[in-house]
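Worksheet: one structure, shown below.
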Amino acid sequence: MRVVVIGAGIVGAAVAAGLTRRGARVTVLEERFAGAGTTGASFGLVTADHTESEPYHTLAHAAVHAHHALGSDAFVPTGHLVWATERAGLEELNRRVDWLAGRDYAVEWITAARAAELEPGLVPRPDGTEYALFPEEAHVFPARLLGRLLAEARAGGADVETGVAVREIRSNGSGANVVLADGDVRTADYVVSCAGRWTGMLLDVATLDSRMPGAHTGGFLASTTPVTAPLSRVLSTDRLSVRPDGGGRLLLRAPDLDAAADPAVPPPPRIGAELLSRLPELLTGTDGAHVEQVRVAQHAGPCRGRTAAGFVDHAYRVYAAVTRDGITLAPLLADLVAGELHGTESALLSPFRPGAEVLAFPG
């Protein structure tokens, strides 16, 4: 089986690795460089904390387990600690915990004393504060995980070509052709588009078009200078999320600031300053920290949901995998997408076919 995978982000790398495990001859085509798109600006949280959709929670929960099974020095399975600072946030957190606990998702309430044992650098909270611990959740270093998956794909015989722009995909009953910007044509038995927010420029599928409302969301990520605060896991409140970023650095984000995020506009200085000002609310030992960099993350997804995966042509030769949660889903998609190209339909993916109304999902 010959397969062309378009895009060398985390999803494309995972799909390429999964296909080579099954013996496929794989070529990965990337317009810029590996990780140049969404993967390079990801917070890296591995979670299935999605209570809006039962099928999507089930898919993401399986993906969390796939990360644990994969194993990698990029994967840090230390859990996720969450608490709320406002009444509305606490009510929402209680609702999420109850919903997830009722589906055998690993979550527990712990005391402030236990939280301090896990994270000695936590700023003490008022008496009676409870923390929700998600022990199976984790964070990854995206570039390192991307490298792990691409290395596996290459070891399985995949060719990874960068600086190659794709302009068109054509399918027929016997295979598919990929037309490049320079006019060259690549032939294959199957094509898998993992081009993220650029998918709609290659495939005429309305629900995958990044120009449609709701097809992508943005957010700010700020990296700090090294700090002395000890931190081993992701911390999240209704004002700030923080995780270790290597070398003593921290990575910060705050969803309430994301409305101003625009990949076409440099982040204003006030964003980094605001994120940094909230850090002492969570951790001690952050005195003297500065923001080294603020990036704008742009998360791709189908315009009707968080994920779409399936064939998009009548000949069943062109497959698309588009998701806002590539970091979480990638190791699972490696297996499921490869299986579908080999004729094994996935019950986990069946609710998320391109254009299916079940994709309806809050933006």
- Residue satisfying condition, being open to solvent by 30 Å² or more (accessible area, probe 1.4 Å), at pLDDT 95 or above and on the phi > 0 side of the Ramachandran plot, within set 23, 7, 79: 23
- Matching residues, the stretch 181-196, being farther than 14 Å from residue 323 by Cα and either aromatic (Phe, Trp, Tyr) or touching a Gly at 6+ places or on another chain (Cβ under 8 Å) (or both): 187, 188, 189, 190
- Query: Given (1) in contact with an Asp or Glu (Cβ under 6 Å, 6 or more places away or on another chain); (2) surrounded by fewer than 17 Cβ atoms within 10 Å (Cβ to Cβ), where does residue 269 come up short, assuming only one miss?
  - Reply: (1)
- Query: Which members of the stretch 111-151 meet the condition of being in a loop (DSSP other than H, G, I, E, B), small (Gly, Ala, Ser) and either surrounded by fewer than 13 Cβ atoms within 10 Å (Cβ to Cβ) or at pLDDT below 95 (or both)?
  - Reply: 128
- Message: Show me the strands (runs of 3 or more DSSP E) found entirely inside the stretch 289-358 where at least 2 residues are open to solvent by 20 Å² or more (accessible area, probe 1.4 Å) and closer than 18 Å to residue 38 by Cβ.
- Response: 291-300
- Query: Only one residue in 163, 173, 121, 196 is touching a residue at least 60 places away in the same chain (Cβ under 8 Å) and within 19 Å of the chain's Cα centre (by Cα). Which one?
  - Reply: 196
- Query: When the stretch 115-139 is examined, which residues are found to be hydrophobic (A, V, I, L, M, F, W, C) and out of contact with any helix residue (DSSP H, G or I) (no Cβ under 6 Å at 6 or more places or on another chain)?
  - Reply: 115, 116, 118, 123, 133, 134, 138
- For the subset of the stretch 152-171 comprising residues that are modelled with pLDDT of 95 or more and of a type in the set (Asp, Glu), which member is surrounded by the most Cβ atoms within 10 Å (Cβ to Cβ)? 152
- Query: Identify, please: which residue in the stretch 150-160 is touching a residue at least 12 places away in the same chain (Cβ under 8 Å) and of a type in the set (D, E, K, R) and is, among those, nearest to residue 204 (Cα to Cα)?
  - Reply: 159
- Item | Residues (in a strand (DSSP E or B) and either open to solvent by 30 Å² or more (accessible area, probe 1.4 Å) or hydrophobic (A, V, I, L, M, F, W, C) (or both)) located in the stretch 225-265 | 234, 235, 242, 250, 251, 252, 253
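The values are calculated or read from the model by the stated rules, or taken from the named source; none is laboratory data. In this text the structure is predicted, and so the values were computed from the model without any measurement. Using ideal geometry, Cβ is built from the backbone for each residue, glycine included, and neighbour counts are taken over all protein chains shown. All accessible areas refer to the heavy atoms of the entire protein, side chains included, with ligands and DNA or RNA removed. Shrake-Rupley method; radii C 1.70, N 1.55, O 1.52, S 1.80 Å.
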